[in-house]
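As structure tokens, the structure follows; a few thoughts come after it.
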Amino acid sequence: MTQSHAKKPGTAIVTGASSGIGKVYAERLAARGYDLVLVARRQDRLQRIAAELQQRFPVNAEALAADLSTPDGIRTVSERLSKDAAVSLLVNNAGFSTLKPLTQTPDDTIERMIALNITALTALSKAALVAFKDRDAGTLVNIGSGAGFSPYPGIPVYGSTKAYVFLFTQSLQHEVAGTPVKVQLVLPGAVISEGWEVAGGGDLDPLPESIVMTTEDCVDAALSGLDQGETVTAPSLHDASVLSDHVALSATLLQAMFDAKPAERYGLTR
Ligand SMILES: NC(=O)c1ccc[n+]([C@@H]2O[C@H](COP(=O)([O-])OP(=O)(O)OC[C@H]3O[C@@H](n4cnc5c(N)ncnc54)[C@H](OP(=O)(O)O)[C@@H]3O)[C@@H](O)[C@H]2O)c1
């Protein structure tokens with residue numbers, strides 16, 4: 001079947017599409033025939049990317065400027081999700097980090113990071129799932145990070161926001177179980193992007209090339225995982241059993257936490 005006769009996959013909203021991982025998502029989804037709504041703050045960049053994608057692929061691409069660390073920005077994108085019945089995919093990708101100990105991180109940076117990495121991702125996930133459940137179709141992709149697994153020096157807030165994305169997105173997978181709606185959690189490791197500069201990434205330069213992935217490989221692996229029906233995709237994790245064991249052990253730990261009696265080591269046996 002030729003592209004023109006193939007069923008169109010609908011519209012994808014990609015947040016953080018003006019650079020890095022989100023920009024590559026936009027390109028790869030355009031190649032798959034999705035119309036696009038590209039979200040970020042820098043409208044000039046979004047417009048350039050949208051124009052280029054429309055030239056290269058037979059799709060519509062729209063720039064939707066929004067600051068997702070603000071309630072207004074979140075509302076703009078939520079409304080699009082609820083009102084545009086063509087939207088079939090949301091990639092919750094926008095996020096940022098800063099490389100500083102907590103005590104040296106300005107208050108407004110902490111607020112914006114939590115607002116973008118957690119509040120916006122949560123609100124947009126909800127808007128997407130309400131719309132997708134109503135339409136009996138749709139896919140939500142949330143971008144977490146390997147940094148959400150264990151404390152890493154210099155990113156106390158960022159790592160914790162990504163730990164939230166990990167738990168939150170898995171919870172959503174329980175909510176959509178048995179429905180046609182899909183939720184994928186993507187966990188990149190270290191990926192070359194402008195995000196490192198935003199984080200004040202000079203200090204990240206010493207990372208060996210062998211552990212830093214390209215944005216293209218990251219997104220292609222994430223889309224391959226989605227095609228294969230993976231719910232959790234870690235592009236750079238070679239031994240997938242490490243992740244599945246972690247998830248299983250976390251579930252065992254949750255169950256083990258429920259007991260009326262204090263543990264014996266606290267010496268409270270009466
Ligand atoms: N790079 C890595 O090593 C790595 C590893 C694991 C996970 N991740 C995650 O991958 C995602 C993408 O990161 P990246 O590495 O591709 O970084 P990036 O190149 O800096 O891209 C971040 C994107 O988010 C947008 N953004 C930032 N603040 C925003 C705001 N307030 N409102 C709306 N959009 C905003 C930026 O556009 P504007 O500046 O134009 O708004 C940009 O398009 C993030 O969630 C990040 O945490 C990255």
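The values are calculated or read from the model by the stated rules, or taken from the named source; none is laboratory data. None of the values given here were measured: they were computed from a predicted structure. Virtual Cβ from ideal backbone geometry, glycine too; neighbours counted across all protein chains shown.
Just to be sure I understand, how many residues within segment 8-65 are acidic (D, E) and surrounded by fewer than 16 Cβ atoms within 10 Å (Cβ to Cβ)?
Matching residues across segment 8-65 total 2.
Between A50, A86, A66, A115, which is more than 10 Å from the ligand (Cβ to nearest atom), within 20 Å of L140 (Cα to Cα) and touching a residue at least 12 places away in the same chain (Cβ under 8 Å)? Show your work before the answer.
Values: A50 fails: within 20 Å of L140 (Cα to Cα); A66 fails: more than 10 Å from the ligand (Cβ to nearest atom); A115 fails: more than 10 Å from the ligand (Cβ to nearest atom).
Only one candidate qualifies: A86.
Kindly evaluate T109 against the criterion of being within 11 Å of the ligand (Cβ to nearest atom) and either of a type in the set (K, R) or at pLDDT 95 or above (or both).
On the way: within 11 Å of the ligand (Cβ to nearest atom): no; either of a type in the set (K, R) or at pLDDT 95 or above (or both): yes.
No.
Condition check: near the ligand (Cβ under 8 Å from one of its atoms), closer than 30 Å to A30 by Cα and more than 17 Å from the chain's Cα centre (by Cα). Does E175 satisfy that?
On the way: near the ligand (Cβ under 8 Å from one of its atoms): no; closer than 30 Å to A30 by Cα: yes; more than 17 Å from the chain's Cα centre (by Cα): yes.
Considered against the rule, which asks whether it is near the ligand (Cβ under 8 Å from one of its atoms), closer than 30 Å to A30 by Cα and more than 17 Å from the chain's Cα centre (by Cα), E175 comes out as no.
List the number of the failed condition for G138; all other conditions in (1) surrounded by 23 or more Cβ atoms within 10 Å (Cβ to Cβ); (2) within 16 Å of the ligand (Cβ to nearest atom) hold.
(2)
Taking segment 218-242 only, how many residues are under 13 Å from G189 (Cβ atoms) and touching a residue at least 24 places away in the same chain (Cβ under 8 Å)?
Qualifying residue count for the region: 7.
Do we find that D72 is under 12 Å from V157 (Cα atoms), surrounded by fewer than 16 Cβ atoms within 10 Å (Cβ to Cβ) and either within 14 Å of the ligand (Cβ to nearest atom) or not hydroxyl-bearing (S, T, Y) (or both) in this structure?
Taking the combined requirement at face value, the residue does not satisfy it.
Here is a check on your reading of the model: is A222 under 20 Å from N92 (Cβ atoms) and either at pLDDT 95 or above or among the hydrophobic types (A, V, I, L, M, F, W, C) (or both)?
yes
Hey, can you tell me all the residues within segment 178-196 that are within 6 Å of the ligand (Cβ to nearest atom) and either crowded, with 17+ Cβ neighbours inside 10 Å or modelled with pLDDT of 95 or more (or both)?
Result: P188, A190, V191, S193, G195.
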